[in-house]
Amino acid sequence: MKESPISYSSNILNTTQVGNKSVVEFDLGELNRDDKTVESFGEEWLKFNRFTEEEINSIGDEYFDIVPKELLQPSTVALDAGCGSGRWSRYLAPKVGWVEAIDPSKAIYAAASQNNDLDNIRFSKADINDLPFNDESFDFVFSLGVLHHIPDTEMALSALSRQLKSGGHLLLYLYYSLDNRGILYRSIFQLSNLIRFIICRMPGPIKRLLCDLIAIVLYLPFVALSALLRSIGLKSLSKKIPLHYYLGKSWFVIRNDALDRFGTPLEQRFSRLEIESMLKRNGFENIVFSPNMPYWHVLAKKK
Ligand SMILES: C[S@@+](CC[C@H](N)C(=O)[O-])C[C@H]1O[C@@H](n2cnc3c(N)ncnc32)[C@H](O)[C@@H]1O
């Protein structure tokens, strides 16, 4: 087992052994966290953590499409902020020197268990707003699908900015506000948001059952329609169908994302312009948005 190049800067509360990994636990603080959402994710990731290597690599390539290879070196020290099941830490670990993975939910135990075979990831139960590392510790910070589940997204972004060295890079994925979509697409979204509002308040097992049902009656038909249009040569029309992103994705990924989408109490959405302004306000430059889904994922350099 290698040693982390980074020392902790906060007091350790507890350590839990998961196989050959120690999950190091810190005071989560009271600040800027939605505990219901975190609890819901803890349950989600303890159930949904068995992604195949193929899935991790192919979906990981979608998120990291804008990250030049030279940013990921054997000397690179990275932070996975809000790691969930640890799938993107797993994706990145072979490409860099070290990954620190943090999450305040029980998911951190699933992440440690799923990555027991990798010797360059360390797992900490901690909150983005109160990280147990000194400022300017990291060359590369990534936070995929996390900050929109935090009450004050910009405050969390500013905490991540502080963790980066000057010249370091941030890869961020925030739910888009459908700012590049038409009225029909947006109306379908409004309806789905209403459904989320009801489902996310239900007890865990009922929530999971309803989200599975949604995956069957909503996701699969849209994916099938998109596949049909593509098979008859209408490729660009097939891309206009909601949820066409899931074409070629496994049933496991679709179920997981339906639960993520409809089972989570707090989600916020941002336009490309809003994300760009937020990044600039927090000391970033060279902001590059991916033209590809999932929207919006963006790479930015800390000045
Ligand atoms: C949609 S999941 C994404 C997990 C992972 N990044 C992925 O894409 O597989 C959102 C994660 O954000 C975490 N989270 C929520 N609030 C947080 C906070 N204040 N600090 C750090 N992580 C947080 C949740 O516990 C959850 O695991």
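Miscellaneous remarks
- Of everything in segment 19-51 that is more than 17 Å from Asn115 (Cβ to Cβ) and of a type in the set (A, V, I, L, M), the residue that is surrounded by the fewest Cβ atoms within 10 Å (Cβ to Cβ) is Leu31.
- Within segment 108-121, if we keep just the residues that are open to solvent by less than 10 Å² (accessible area, probe 1.4 Å) and more than 11 Å from the ligand (Cβ to nearest atom), the residue that is farthest from Thr52 (Cα to Cα) turns out to be Ile121.
- Top-ranked residue in segment 178-210 [being among the aliphatic types (A, V, I, L, M) and not in a helix (DSSP H, G or I); ranked as farthest from Ser236 (Cα to Cα)]: Met202
- Matching option when the condition is touching a residue at least 60 places away in the same chain (Cβ under 8 Å) and more than 13 Å from the ligand (Cβ to nearest atom), among Ser192, Ser105, Ser124, Ser187: Ser192
- Every condition in (1) over 30 Å from Gly204 (Cβ atoms); (2) within 11 Å of the ligand (Cβ to nearest atom) holds for Leu71 except the one numbered (2).
- The number of residues in segment 74-102 that are out of contact with any Phe, Trp or Tyr (no Cβ under 8 Å at 6 or more places or on another chain) and more than 11 Å from the ligand (Cβ to nearest atom) comes to 8.
- Residue check, Asp139 under 24 Å from Arg162 (Cβ atoms) and part of a strand (DSSP E or B): yes
- Residue match in segment 85-101 (condition: under 14 Å from the mean Cα position of the chain (by Cα), over 24 Å from Lys2 (Cα atoms) and at pLDDT 95 or above): no
Conditions tested, residue by residue: (1) acidic (Asp, Glu); (2) open to solvent by 70 Å² or more (accessible area, probe 1.4 Å); (3) out of contact with any Gly (no Cβ under 9 Å at 6 or more places or on another chain).
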{"site": "Phe133", "(1), (2), (3)": "no, no, yes"}
{"site": "Tyr176", "(1), (2), (3)": "no, no, yes"}
{"site": "Cys211", "(1), (2), (3)": "no, no, no"}
{"site": "Ala215", "(1), (2), (3)": "no, no, yes"}
{"site": "Leu218", "(1), (2), (3)": "no, no, yes"}
{"site": "Leu225", "(1), (2), (3)": "no, yes, yes"}
{"site": "Ser231", "(1), (2), (3)": "no, yes, yes"}
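- Any hit, segment 44-64, residues being modelled with pLDDT of 95 or more, touching a strand residue (DSSP E or B) at 6+ places or on another chain (Cβ under 6 Å) and away from the ligand (no atom under 14 Å from the Cβ): no
- Applying the criterion of being among the hydrophobic types (A, V, I, L, M, F, W, C) and in contact with an Asp or Glu (Cβ under 8 Å, 6 or more places away or on another chain) to the residues of segment 72-95, the residue that is surrounded by the fewest Cβ atoms within 10 Å (Cβ to Cβ) is Val77.
- Index of the failed condition, Phe289 passing every other in (1) closer than 22 Å to Gln190 by Cα; (2) open to solvent by less than 30 Å² (accessible area, probe 1.4 Å): (1)
- When every residue of segment 251-269 is checked against the conditions, none turns out to be within 16 Å of Phe189 (Cα to Cα), more than 16 Å from the ligand (Cβ to nearest atom) and open to solvent by less than 30 Å² (accessible area, probe 1.4 Å).
- Where a residue in segment 150-162 is in the same structural domain as Leu279 (by TED's automatic domain parsing) and its partner, wherever it lies, is more than 10 Å from the ligand (Cβ to nearest atom) and aliphatic (A, V, I, L, M), with Cβ under 7 Å and at least six apart: Glu154/Met278; Leu157/Met278; Leu160/Val141; Leu160/Leu170
- Residue match in segment 197-218 (condition: in contact (Cβ under 8 Å) with a residue 24 or more places away in the chain, closer than 25 Å to Ser58 by Cα and more than 22 Å from the chain's Cα centre (by Cα)): yes
- The lone exception for Ser192 - which of (1) closer than 22 Å to Phe41 by Cβ; (2) under 17 Å from the mean Cα position of the chain (by Cα) it fails: (2)
- Scanning segment 204-233 for residues that are polar (S, T, N, Q) and closer than 29 Å to Leu46 by Cα yields a count of 0.
- Restricting attention to segment 225-254, the residues that are among the small types (Gly, Ala, Ser) and outside any helix (DSSP H, G or I) add up to 3.
The values are calculated or read from the model by the stated rules, or taken from the named source; none is laboratory data. Keep in mind that this is a model prediction, so the values were computed, not measured. Quick reminder, even Gly has a Cβ in these numbers, built from the backbone with ideal geometry, and neighbours come from all protein chains shown. When the accessible area is computed, the model is the full protein with side chains, heavy atoms only, and any ligands, DNA or RNA have been set aside. Shrake-Rupley method; radii C 1.70, N 1.55, O 1.52, S 1.80 Å.
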